[in-house]
């Protein structure tokens with residue numbers, strides 16, 4: 001299993017809420033239609049007045065994870081409207097191969 005990892009910063013709770021809504025309504029639904037997609041999540045850490053965001057998605061293999069990319073394999077897909085919304089964001093995504101899992105992620 002492959003974990004696709006991307007980070008960003010929202011400057012307020014309102015922006016965080018708006019971005020979370022966007023992910024649920026559009027991005028996560030688009031991902032769910034792609035072959036090999038296993039799930040996705042948004043995690044947040046409050047750092048003073050900023051909200052550090054980590055978006056992870058799970059894929060059956062590296063080739064499947066690449067279906068979501070529009071440009072180079074590690075280019076982040078950040079719509080212009082989202083770019084305006086966020087305080088900062090990574091231009092690249094990272095991919096990690098899962099070696100050991102437990103709980104709901106255990107290999108059957």
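Quick notes
- Here the spin labels are modelled as points 7 Å beyond Cα on the Cα-Cβ line, and at residue 18 and residue 43 they lie 2.6 nm apart.
- Based on C-alpha pairs under 8 angstrom that are at least 6 apart in sequence, region 2-98 has a relative contact order of 45 percent.
- Here the residues 102, 56, ranked from fewest to most Cβ neighbours within 10 Å of their Cβ, fall in the order 102, 56.
- Fewest-first ranking of 77, 55, using other Cβ atoms within 10 Å as the exposure measure: 77, 55
- With both labels modelled 7 Å from their Cα along Cα-to-Cβ, the residue 72 to residue 102 distance reads 3.8 nm.
- Cα long-axis angle, helix 13-22 against the chain (0 to 90 degrees, to the nearest 10): 40
- Among the listed values (i) 91; (ii) 110; (iii) 121, the one matching volume of the Cα convex hull per residue in Å³ as calculated from this structure is (ii).
No value in this document is a laboratory result; all are computed from the given coordinates. Given the structure is predicted, the values throughout are model-derived calculations rather than measurements. Note that each Cβ is placed from the backbone with ideal geometry, even for glycine, and that neighbours are counted across all protein chains shown.
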